[in-house]
1. If you take the residues in region 54-67 that are modelled with pLDDT of 85 or more and open to solvent by 60 Å² or more (accessible area, probe 1.4 Å), which one is farthest from the chain's Cα centre (by Cα)?
2. Any idea which residue in region 387-407 is nearest to Ala344 (Cα to Cα), counting only those that are in a loop (DSSP other than H, G, I, E, B) and open to solvent by 80 Å² or more (accessible area, probe 1.4 Å)?
3. Which condition number does Asp372 fail, the rest of (1) closer than 30 Å to Gly100 by Cα; (2) surrounded by 14 or more Cβ atoms within 10 Å (Cβ to Cβ); (3) among the acidic types (Asp, Glu) being met?
4. Residues of region 255-286 being of a type in the set (Ser, Thr, Tyr) and either at pLDDT 85 or above or open to solvent by less than 40 Å² (accessible area, probe 1.4 Å) (or both), which ones?
5. Does Gly23 satisfy the criteria of being under 30 Å from Arg307 (Cα atoms) and assigned to a helix (DSSP H, G or I)?
6. Inside region 270-372, counting only helices (runs of 4 or more DSSP H) that do not spill past its ends, which hold 2 or more residues that are free of Cβ contacts under 8 Å to residues at least 12 places away in the same chain and polar (S, T, N, Q)?
7. Please specify each residue of region 26-41 satisfying the condition of being open to solvent by 70 Å² or more (accessible area, probe 1.4 Å) and assigned to a loop (DSSP other than H, G, I, E, B).
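The values are calculated or read from the model by the stated rules, or taken from the named source; none is laboratory data. Since this is a predicted model, take the numbers as computed values, not measurements. Virtual Cβ from ideal backbone geometry, glycine too; neighbours counted across all protein chains shown. These area figures cover heavy atoms from the full protein model, side chains too; ligands, DNA and RNA do not enter into them. Shrake-Rupley method; radii C 1.70, N 1.55, O 1.52, S 1.80 Å.
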Amino acid sequence: MKRSELYGLVWKTPLRHLGPQLGLSDVGLSKLCRRYNIPVPPVGFWTRHAAGKPSLPTPLPPADVDSVIRLPEEGATVARSEDATRLQQVRQTFSRAKHGIAVSPIEIPTSLDNCHPLVAKTARFFQSIEREEQKRARDRERAAAQGRPFFGGITGHHMSMGRYITDEGCLRITATTANIDWILRFHEALLRRLIAGGCQIVASGKGSRNTVEIRRAGGSICLNFAEQAEKIIKPPRKGVLYEPAEYRALDAYKLKLERDWSAIARQWSGTREQMEKRLPEITQALIAFPEAEALRSKLVAEEAAMRAKAQQEADLARRITAAAEEARAERREARASQLPRALAVVEALGDYHRVLDMLSRLEVIAGDRSEDEALHTWIALMRGSLKDPVHGLADALRAEGAAPDRPLWWPE
């Protein structure tokens with residue numbers, strides 16, 4: 001709308017009522033007015049107005065152009081409002097669940113004896129990698145001793161910056177083999193506390209890169225643990241065309257949720273010592289997250305169902321409108337065709353009377369002579385074939401009027 005139009009509205013309706021009508025909050029509408037130099041009613045204006053003591057509005061400052069102000073689209077505003085409401089509900093649920101969980105120190109086990117099956121499977125995965133690395137190192141040394149190039153530096157495992165990414169059925173870990181013993185013992189302590197807090201630790205379906213879910217209270221979350229690494233910068237060696245990049249593991253780790261939890265979730269990062277100290281806080285949050293995730297999923301599903309229903313209703317309304325418009329068009333066409341219909345009857349009526357006149361004259365010519373029997377026979381045949389077109393129209397109109405549904409040309 002134009003600047004002058006918005007000025008007129010803000011002096012007719014309080015901002016707290018006008019804002020939502022325009023897809024804005026009262027604060028957002030106030031900011032919009034300041035941007036376009038539109039004065040708004042001062043504090044107490046509407047109270048005095050309600051008491052029968054209205055004040056004159058502040059004049060609109062002149063401008064070279066009556067600017068066009070673009071307001072939010074209705075659908076986008078509703079979507080933002082729904083997202084904000086859902087986010088607030090999920091945050092409250094997460095906060096209640098988190099504060100209901102007791103926090104106590106957690107000890108990291110000194111070994112992986114009798115560890116969780118997922119930890120054991122992940123340990124076997126990295127043990128196979130360690131054996132592979134040892135074999136590769138021996139082959140490299142053997143090749144160097146024999147003075148021949150070594151081309152066995154490529155692994156079949158998924159890697160990222162010198163770190164291995166676990167396979168299906170393992171914990172989601174991206175790490176080197178340097179600190180994997182502590183990483184697995186950290187996860188063992190984490191899983192034990194999560195299970196004690198009522199969580200289920202479940203391997204995801206085949207083909208899932210994030211292979212483990214933490215489930216509780218109808219919701220589920222997935223974790224991703226990563227060890228940080230840096231590339232080792234080496235000076236180029238003479239005569240060596242290609243040398244695989246090497247990375248060094250750092251005493252830095254990151255644990256985060258895989259789901260889209262940017263609104264309330266956080267990632268935990270730090271050194272080994274820092275991560276151990278934060279383990280109680282981490283487990284407290286992870287036990288609470290699935291419950292909030294369940295609510296979020298429910299709200300998203302409900303909103304999706306409501307949008308689908310609204311879309312169905314809108315589609316039905318469009319179909320009804322289209323059908324009604326089509327019926328109106330057919331009625332207009334039927335009514336428009338009645339005049340040509342009448343004119344056709346008029347033309348047929350003229351032909352009918354001309355044929356009657358011709359037959360009468362032919363009868364005069366025929367007379368009563370016996371040799372004119374053929375004329376009389378033909379005249380009788382023609383008279384039997386003739387039908388007054390006006391009578392035909394009347395019969396057709398009676399039949400259309402007697403049908404169960406009124407004819408399309410009938411007035412609504």
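1. Leu56
2. First pass over region 387-407, keeping only residues in a loop (DSSP other than H, G, I, E, B): 387-388, 403-407.
Filter once more, keeping what is open to solvent by 80 Å² or more (accessible area, probe 1.4 Å): 387, 404-406.
Details: Lys387: 15, Pro404: 27, Asp405: 25, Arg406: 23 Å.
The selected residue is Lys387.
3. Every condition holds for Asp372 apart from (1).
4. Within region 255-286, the first condition is being of a type in the set (Ser, Thr, Tyr), and the residues that meet it are 262, 269, 271, 283.
Listed by number, the residues that qualify are Ser269, Thr271, Thr283.
5. Details: under 30 Å from Arg307 (Cα atoms): yes; assigned to a helix (DSSP H, G or I): no.
No; evaluated as a whole, the condition is false for this residue.
6. Values: elements: 272-277, 279-336, 338-366.
By residue number, 279-336.
7. Of everything in region 26-41, just one residue is open to solvent by 70 Å² or more (accessible area, probe 1.4 Å) and assigned to a loop (DSSP other than H, G, I, E, B), namely Asn37.
Residue by residue, here is whether (1) closer than 27 Å to Pro407 by Cα; (2) modelled with pLDDT of 90 or more holds:
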{"residue": "Gln338", "(1), (2)": "yes, yes"}
{"residue": "Gly350", "(1), (2)": "no, yes"}
{"residue": "Arg361", "(1), (2)": "no, yes"}
{"residue": "Glu373", "(1), (2)": "no, no"}
